[in-house]
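The values are calculated or read from the model by the stated rules, or taken from the named source; none is laboratory data. No experiment lies behind these values; they were computed from the predicted model shown. Positions of Cβ are generated from backbone atoms using ideal geometry, with glycine treated the same way; all protein chains shown enter the neighbour counts.
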Amino acid sequence: MGDLLEALRSAEAEQLDASDITHPPTIGAMYEGLTRQLLEVAIPSHLDLRIVRGFAIDGFGARSGEIDCMLVRGAGTPVPYVDGMFEWNVRDVLAVIEVKKKLFGGELADAYDQLRGVAAVTSSWLRGASGPANFSLEASMRRYAECVGELLPAEWAKMDRAKHLIWHSIMFDQIAPVRIMLGYGGYATESGLRRGFEQFLADRLQQHGHGPASLPNLIVTDGAALVKLSGHPYCSPVSPNGWWPIMASSHVNPTLFILEHLWTRISYLSPTPELFGDDLEIEKLSLLISAKPHKIAEPEKWGWQYEVLQAKPADLAAGPEHRPWQPVELDPIQAVVIRQLCREDINTRDRELIEFLKSEDRDPEKFFQALIETTLVARDGENLVLTTVKLEMAMLPDGRDVAADNNTGRLTRWVHRFMTDWSARDDG
C-alpha cells in the first residue's frame, strides 16, 4: 500500500507541477485536494471515518487555524456557505495534515505553528473536559514502561517530575490528533531536512510550545521524513544518563510512515491487525534529537533540553532501508526468569532468587537491569513485571530461547518464517 500510494502521489504531483496555474491559493487547493484523495484510498472503507478540511475546536470556544486535511469520526458542524469545510471537536479528530507545495524554512515554520495550534486546542479540551474518559491509555502505559523501565504509578501528580514530563508527552501523543506536515517539494534529502529542522528549533530557543509534546508526529518531504519517537508507533528507551531519543530521520518511502501513523491511531479505536501484514520489517531510522527534562527555576519550573546528533550524508545513506524484526533472544537464566514472570510477578528482594542468580555467577542488579533493557520487563516498586499484552516464548531448534509480545501474532509469523528457512536449509 505504501509503494502504491507513493507512486500515485509522485505521478499526480508531477501533473500538478506541470500546470500553468499561477494563482497561489488555487495551487494550494490543488495539492490539498490530492492529499485528501490519497488519504481516502489509505483509510479502510468499512470504518466510519471521513476526510475533511476546516477547524479543530475544543467545545469551549477555542479553535485551531484552518487545517488542510483532517481525518475525523462522528459528526462536525459545517462552516456556513463554504462547501466541504467543517468545525470538528478535537476529541473526534484522529489526524491532521498540513500540506505545502514546497517545504522550506518559512513554510516549515508556518506548518509547525498550524499543527501546534491543534495541540493547543487538544490541551484546552483536556483541561475543560468532565466526566469519565471514553478512551483507554493502556497503549501509553505500555510505552512508558518500555521507555522508562518502570510501571506508571497510580498517582501521576506525585511521580518524579522529570518522568512525569516524559509520561505527559507519551500520553498526549495518543490522545491528540496525529499531526503531520507534508511537503510535495522542498528539502530533497534526508540531511537537508535534518539541517532545516535543527535550524528551525535553534531559531526558537526558549520559546514555549516546542517541547516533545508539541513537536509534529511526522514531517514528510519528497525524499525524506522526520519521525517522532514518543511511542505511537515508534519509540526508543530513555538512556541511562536521562536522554530520551525523540526525533529521528529516514529516507525510506515517506508515504509508508504516513500509513504507519494513521493505521496505528485507527488500531487504538478498532483493532485491525490485518492492516499491518506480516510486520516483520523495521524501517531504518537515524537519531536526530534527544530530549531531557530540565529544571529551570524554583518553584518547580521545568522545561526541556535538546541534544542534536550530527550525521554525515554517507552515514545516513549507508545500509539497507529496512532491517528484519527479531524477537528478544534470552540466555538460559533469563529464559527461566521470564517463564516465571509469565506466571506471576517477581520480587527482586526474594532471597531464593538472589541466591540462585549468585550461584549462576550473576550480579542480581545487573541481571535485573538487563531484563529491563529488553523492554519486555519493567519495575513496579521492588517487583519485576511484564510490559507486554501477550508475552510468548519459543525454543528454536538451534538451541536459542526467544520471546516477544505476540498480541498481533508477530512472533508466530516470525517463528513460521524461521522454521521454513530452517527446513529449507536442512533439505539443501
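A few comments on the model shown:
- Whichever residue in region 338-386 is out of contact with any Phe, Trp or Tyr (no Cβ under 9 Å at 6 or more places or on another chain) and polar (S, T, N, Q) and, among such residues, is nearest to residue 407 (Cα to Cα): 375
- Region 153-183, residues that are farther than 17 Å from residue 137 by Cβ and surrounded by 23 or more Cβ atoms within 10 Å (Cβ to Cβ): 179, 180, 181, 182, 183
- Verdict on residue 366 being over 21 Å from residue 237 (Cα atoms) and either of a type in the set (Asp, Glu) or assigned to a helix (DSSP H, G or I) (or both): no
- The strands (runs of 3 or more DSSP E) found wholly in region 222-311 and carrying at least 2 residues that are at pLDDT below 95 and over 17 Å from residue 323 (Cβ atoms) occupy 286-297, 301-308.
- Candidate set from region 149-163 (those that are in contact (Cβ under 8 Å) with a residue 24 or more places away in the chain and in a loop (DSSP other than H, G, I, E, B)); member that is farthest from residue 370 (Cα to Cα): 151
- With respect to the conditions (1) surrounded by 14 or more Cβ atoms within 10 Å (Cβ to Cβ); (2) over 15 Å from the mean Cα position of the chain (by Cα), residue 267 falls short on a single one, namely (2).
- Across region 312-326, the number of residues qualifying as assigned to a loop (DSSP other than H, G, I, E, B) and under 15 Å from residue 189 (Cα atoms) comes to 3.
- Among the residues of region 74-109, those identified as assigned to a strand (DSSP E or B) and within 15 Å of residue 125 (Cβ to Cβ) are 87, 88, 89, 93, 94, 96.
- Among (1) assigned to a helix (DSSP H, G or I); (2) over 27 Å from residue 307 (Cβ atoms); (3) touching a residue at least 24 places away in the same chain (Cβ under 8 Å), the one test that residue 140 misses: (2)
- Annotation note: Cβ proximity below 8 Å between a residue of region 187-199 that is under 12 Å from residue 108 (Cβ atoms) and polar (S, T, N, Q) and a residue that is modelled with pLDDT under 95 and surrounded by fewer than 19 Cβ atoms within 10 Å (Cβ to Cβ) (sequence gap 6+ or interchain) occurs for 199/105.
- Condition met for residue 119 (buried (at least 18 other Cβ atoms within 10 Å of the Cβ), of a type in the set (Gly, Ala, Ser) and either under 23 Å from residue 258 (Cα atoms) or not assigned by TED's automatic domain parsing to the domain that holds residue 271 (or both)): yes
- Qualifying positions in region 68-114 - surrounded by fewer than 21 Cβ atoms within 10 Å (Cβ to Cβ) and acidic (Asp, Glu): 83, 87, 92, 107, 110, 113
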